[in-house]
Amino acid sequence: STSSSSSSSSSSSPNSAASARLRNTGGLRRLPVVKSPTELLDKAKKTPKRTVKNDMTIKNIRTRARKHGAESLNSLTQALCVPLRDIVDGYRREFRRLHPFEQVVADLTVRARQRKDGLTLEKVLLEIHEARKIILEAGKEWVYRAKHAETAKEATEATKEGTDRLLELYKEFAFEPVASMVDLQRSLRSAPAVQLDTPAVVLVGAPNVGKSSIVRYISSATPEINNYPFTTRGMTLGHVEVFWSDEDQIARAVVPDEKRKAKDVSPDVMTGKYAFSQLCQVMDSPGVLVRPEGEERNEMEELTLAAMKHLPTAVMY
């Protein structure tokens with residue numbers, strides 16, 4: 001056992017950064033917040049007016065119109081493209097850093113979406129990436145036209161035409177994939193964040209046997225309860241605070257206040273009524289069915305098995 005523990009400590013050292021990062025789940029909640037395409041478009045429209053001023057120190061009217069037009073079009077191009085770039089880079093970066101349990105949750109969520117409309121996460125991200133490239137190239141072309149216009153009037157016209165065209169391209173190529181990301185993130189970011197360094201128990205069993213009722217009764221969770229299989233469509237997390245009279249004796253357990261945090265010290269402990277208390281996590285799961293070996297399981301069952309496999313929880317069957 002000695003050699004086992006020493007090898008464990010030596011192997012954990014190089015991975016200290018990764019261990020710290022995976023101390024808790026919640027990576028899905030750290031995914032970039034994707035605003036609606038309408039909101040992004042409205043904000044981009046206002047950006048040139050807010051950031052680009054007509055340089056009245058330039059006396060030549062044509063030169064001034066060229067400069068204002070080129071800067072306005074460049075400002076609009078960046079306002080349209082930067083959020084698209086951030087969506088793609090942010091999602092790809094954070095997905096690589098997810099806890100194994102959340103990787104399964106993300107995969108199941110994306111697979112469900114794929115069955116719904118044929119879209120995969122990578123396909124949506126690729127469409128957003130391609131939309132950005134199209135808008136960026138068009139923006140460069142219109143900036144060039146405004147910058148090299150023969151007259152002030154042509155520079156102004158190029159600015160207006162370029163603005164209209166860039167907004168049209170956004171609506172044509174970026175609007176739908178961004179809207180798809182908004183819909184997808186709603187499901188991804190709703191996954192519970194399990195504290196890996198806090199005691200937890202997950203209730204597992206066949207569907208419709210009362211797991212949700214138990215979790216609702218003993219913890220702060222409020223899972224849906226109905227009389228049909230797989231009522232629970234995801235993992236529901238609740239908390240219960242356990243009070244100890246001494247190191248070996250549990251005195252009582254209560255449903256904590258919603259604002260209660262694991263690091264907070266209960267007033268009952270501070271006054272000496274109890275020796276200490278521990279905030280514990282209770283997780284409801286969709287359930288598993290008895291199946292012949294090798295038979296494929298549905299997403300709800302895979303989610304339950306992922307919680308058992310990847311989370312350091314006790315399992316109550």
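The values are calculated or read from the model by the stated rules, or taken from the named source; none is laboratory data. On a predicted model such as this, the values are computed, not experimentally measured, just so you know. Heads up, the Cβs are rebuilt from the backbone with ideal geometry, glycines too, and the neighbour counts pull from every protein chain shown. Just the protein is used for accessible areas: all its heavy atoms, side chains included, with ligands, DNA and RNA removed. Shrake-Rupley method; radii C 1.70, N 1.55, O 1.52, S 1.80 Å.
When Met316, Met235, Met308 are screened for being of a type in the set (A, V, I, L, M), modelled with pLDDT under 80 and out of contact with any Cys (no Cβ under 6 Å at 6 or more places or on another chain), only Met235 passes. For the range 174-188, the condition of being crowded, with 19+ Cβ neighbours inside 10 Å, modelled with pLDDT of 90 or more and either under 20 Å from Asn74 (Cα atoms) or of a type in the set (Phe, Trp, Tyr) (or both) holds for at least one residue. So which residues in the range 97-119 are farther than 21 Å from Pro312 by Cα and exposed (fewer than 14 other Cβ atoms within 10 Å of the Cβ), if there are any at all? Scanning the range 97-119 gives Ala112, Gln114, Arg115, Lys116, Asp117, Gly118.
Within the range 3-21, is there a residue that is at pLDDT 95 or above and under 30 Å from Thr120 (Cα atoms)? No, the conditions are met nowhere in the range 3-21. Could you please let me know if Thr77 is without any contact (Cβ under 8 Å) to a residue 40 or more places away in the chain, of a type in the set (Val, Ile, Thr) and either within 23 Å of Phe173 (Cα to Cα) or open to solvent by less than 30 Å² (accessible area, probe 1.4 Å) (or both)? Considered against the rule, which asks whether it is without any contact (Cβ under 8 Å) to a residue 40 or more places away in the chain, of a type in the set (Val, Ile, Thr) and either within 23 Å of Phe173 (Cα to Cα) or open to solvent by less than 30 Å² (accessible area, probe 1.4 Å) (or both), Thr77 comes out as no.
Residues of the range 303-313 that are surrounded by 18 or more Cβ atoms within 10 Å (Cβ to Cβ) and not in a helix (DSSP H, G or I): Leu311, Thr313.
Within the range 289-302, restricting attention to residues that are within 18 Å of Ala112 (Cα to Cα) and out of contact with any helix residue (DSSP H, G or I) (no Cβ under 8 Å at 6 or more places or on another chain), the residue that is surrounded by the fewest Cβ atoms within 10 Å (Cβ to Cβ) is Glu296. When residues in the range 264-288 are screened for being in a loop (DSSP other than H, G, I, E, B), farther than 18 Å from Leu108 by Cα and either in contact (Cβ under 8 Å) with a residue 24 or more places away in the chain or open to solvent by 80 Å² or more (accessible area, probe 1.4 Å) (or both), 6 of them pass. For the range 145-224, the helices (runs of 4 or more DSSP H) that sit wholly inside it and include 1 or more residues that are in contact (Cβ under 8 Å) with a residue 24 or more places away in the chain and under 20 Å from the mean Cα position of the chain (by Cα) are 175-188. Each residue in the range 199-214 was checked for being exposed (fewer than 15 other Cβ atoms within 10 Å of the Cβ) and not aliphatic (A, V, I, L, M), and 2 pass.
Results for (1) charged (D, E, K, R); (2) at pLDDT 95 or above; (3) farther than 24 Å from Leu31 by Cβ, shown as yes or no for each residue.
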position	(1), (2), (3)
Val105	no, no, no
Asp117	yes, no, no
Ala131	no, yes, no
Ala138	no, yes, yes
Thr151	no, yes, yes
